[in-house]
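What follows is a single structure, written as structure tokens, with notes after it.
The values are calculated or read from the model by the stated rules, or taken from the named source; none is laboratory data. This is a predicted model, so every value here is computed, not measured. For neighbour counting, all protein chains shown are included, and Cβ atoms are generated from backbone atoms with ideal geometry for every residue, glycine included. Heads up: the accessible areas ignore ligands, DNA and RNA and are worked out on the full protein's heavy atoms, side chains in. Shrake-Rupley method; radii C 1.70, N 1.55, O 1.52, S 1.80 Å.
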Amino acid sequence: MKLVTCGLPYANGKAHIGHLRTYVPADVYVRYLRLMGQDVLFICGSDCHGTPIVVNAEKEGISPKELVDRYHEHFQKIFRELCIEFDFYGRTDAEYNHYRTQEIVKRLIENGYVYAKEIELAYCPKCDRFLPDRYVEGICPYCGAIARGDECDQGCGRHLEPGEIKEPRCKICGSKAEFRKQKHYFFKLTAFKDFLIDYLENKLQGTENALNYAKQWVKSELRDWCITRNLEWGVKFPGEDLVVYVWVDAPIGYISFTEEACKRKGLDWKKIWLNGEISDITHFIGLDIVYHHCIFWPAMLKGAGYSLPKAVVASGMVKVEGKTFSKTRGYVVWVEDDYLKAGFNPDYLRYYIVNYTSHEKDLNFSWKVFRDKVNNEIIATLGNFIYRVLHFAWKNFGRIEGKVDPVVIDKIAEIKDKIVSAINRWEFKEASDAFMELATFGNEFFQSSKPWDLIKEDRDKCMDVLASCIQIVKALVIFAYPVMPKTMSKLAEFLGFDIANARLEDALKPIESIELKKPFIPFEKVDDKKIEEMERVMLERIRKAEKAEFGKELIDIKEFEKLDIRIGKILKAERIKGSRKLMRLEVDVGNEVRQIVAGIAEVYKPEEVVGKLVPVLVNIKPAKLMGVESKGMILAADVNGKPVLLHPDKEVPPGSKIK
RNA sequence: GCCGAGGUAGCCUAGCUGGUCGGGGCGUCGGACUCAUAAUCCGAAGGUCCCGGGUUCGAAUCCCGGCCUCGGCACCA
């Protein structure tokens, strides 16, 4: 029994096309494996714990469970509609997962891989509780911006260690927080370094993007992980009033979901997860969670004495209309609101995702490309072939009994081999290209055999041609089924065979005789108007996102007056070693010369900025960047993330105030 | 700066253990056909395989040096 899993969707937001980049290929993979006669268990589930869920639930005034229920339902619906069929779709907040997580944590403790350590954490006296990272708000010690407990998200983007943040406040009640010491638990990841190197170098299979990534991390720096959090919502850490970190109980979902799936099917889950060193487990994930799956997860399994995964398959990133996927900037395609509500056949999107490019590479989603791929490939080449054959055969014969040309059987065999080879390398584009090649072959065969002429001269010969063509149709239905299950299962039914129990080899067995009903058109065309509409929706969303960026909050003049902006003259400039962006400047701001660090080195050379007049925010709190102190901030225009310096219209004395 | 992944015709891409390797698809142009969802089939145009060196009898493919793009880290006062 082979186990295939997908990265668990986080039950905190709706499904978008980025999710599908992983789930669709995984489903396609499983369907092909089954056509190849393999026994596969395919599982997934919702990731239900963690701070963001708690924070969002609180924001909406509902319980975390209610929030999780909503998105759990949502994802199940999306998967159902896109024909992504898991043998079991669970959730990590279910009893079975709590049980398994605690069992594994206990084993890790017993085996000496967990230790306690006192750390300083923000504590709210009023709420009478420790504040998890995202419940803390304060001042970034590096840049002075308002920051979150774990990260300076508004300012410098730095990661903050517990206790680093200044002037911490409780996000819930707004009152001042204090630091208190508390005991937390750490997982000794560092103890697994040698094991991980060996595992990654010699044992783990999968796509190179994942493996290379992980190898680099293991060799550079491994740190022990703090695996406990101060939350109510989550799996209890044994013997403490703490909850286990999400990245502990989430992957354990793979195990507990397997148990549930096995229970239902009368199988033994231990044969998968407690089956010696390496077990036949394949994880499909996105590139963003390689660290967790290739490093943290195997270490945990090893530490607890469980079997290790055999392969990690990571999909490339998704771009939307050529731009980096971004929900906040509007470059997103929502599966339900955009795609399904527009009434598109799920098979189209599945084909697009699988066929656009190889699994490891970035996938660009564009509505125009979508329309072209559907109309030119799925419909004109594949759908049209199927329909023209069935229609012609039905109209002229009704029943087909003829000899299939051996050339046709050879071609089908060749395509089948291509598919098998591609699937074994997780090259789903290659597999789908292969059945498209067969469709093209079918069109050529049909065209050159001219059955429309033959029918007038030699009905038997014509019948043979059609038998060959129907053989190709049958092969196409089987070969394309994993990618386009919705339409292909309908066609299988039309042809009178059971696709659920079919095998790739069945495509080679000659059809002796077949009775045809009036065929249906398998695929509906995508029309230009609809595509224009989708593009409009998208543009609208992007524009809105830009506006939201633009029209932040209105401030009054008093707030503006807090800013002391003056013209400064750059006297000296030099690059900062080890930094691509930073330049150290000495700037005359009137009454003094200041050292300022500016992120302009990517665009400007030191010699070209010396002598320039630029506006400087002089009363910003000093900060250290790459170890260099900066007292002030050069103002510049931001053009696609690159700075463009501003200069006064006329020569003005340094220190001139800007108002 | 470090670490990954890349740079092949208007676009997407295959090939990258060196010698039918310069392929495929979309788009474009010309023709054929009419069974079919104006679908299909045949043919054509289009490329300094990022640039510069080197190894070799021979390099898109190997080595060195650049440039550029994307992602991660660091970082954008």
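A few notes on this one:
- On segment A:424-528, 48 percent of the accessible area sits on carbon and sulfur atoms, based on a 1.4 Å probe.
- Two-site FRET efficiency, A:K77 against A:R264, from Cβ-Cβ distance with R₀ of 22 Å, rounded to 0.05: 0.60
- Model label points for A:E110 and A:L646, set 7 angstrom from Cα along the Cα-to-Cβ axis, are 6.6 nm apart.
- Greater than 31 Å apart at Cα, pairs in A:K117/A:K319; A:K166/A:K650; A:K373/A:K544; A:K176/A:K621; A:K193/A:K631; A:K236/A:K270: A:K117/A:K319; A:K166/A:K650; A:K193/A:K631
- Among A:V407, A:I557, A:L491 - extreme Cα towards positive end, dipole of chain A, charges at beta-carbon: A:I557
- Highest average packing first - A:461-474, A:75-88, A:302-315, Cβ atoms within 10 Å: A:461-474, A:302-315, A:75-88
- Ranking A:L382, A:F392, A:H359 by Cα position along the charge dipole of segment A:359-447, where only Lys, Arg, Asp and Glu carry charges on their C-beta atoms, puts A:F392 farthest toward the positive end.
- Its relative contact order, with pairs defined as Cα atoms under 8 Å and 6+ residues apart, puts segment A:368-515 at 32 percent.
- Segment A:318-334-segment A:472-516 distance, computed between alpha-carbon centres (Å): 37 Å
- Of the residues A:Q205, A:I227, A:G7, the one whose Cα sits farthest toward the positive end of the charge dipole of chain A, with +1 on the Cβ of Lys and Arg and -1 on the Cβ of Asp and Glu, is A:I227.
- Label point distance in nm, A:E561-A:E336, each placed 7 Å from Cα along Cα→Cβ: 5.1 nm
- Relative packing of A:194-202, A:426-434, which averages over residues the other C-beta atoms within 10 Å, highest first: A:426-434, A:194-202
- Whole-angstrom gap from segment A:11-90 to segment A:175-232, using each part's C-alpha centre: 25 Å
- Note on A:E201 and A:E532: the model spin-label points, each 7 Å out from Cα along the C-beta direction, lie 6.1 nm apart.
- Rolling a 1.4 Å probe across the protein heavy atoms gives chain A an accessible surface of 47 Å² per residue.
- Burial order of peptide ranges A:436-448, A:115-127, A:89-101 (average beta-carbon count within 10 Å, highest first): A:89-101, A:436-448, A:115-127
- Zone residues, segment A:407-439, relative to A:S358, backbone N less than 14 Å from point 7 Å out along Cα-to-Cβ: A:422-431
- Chain A: calculated mean residue ellipticity at 222 nm from DSSP helix runs of at least 4, using -39500 (n - 2.57): -12500 deg cm²/dmol
- Legend: residue pairs A:K219/A:K572; A:K403/A:K518; A:K341/A:K509; A:K183/A:K263; A:K77/A:K429, Cα-Cα distance threshold 29 Å; pairs beyond threshold, A:K219/A:K572; A:K341/A:K509; A:K183/A:K263.
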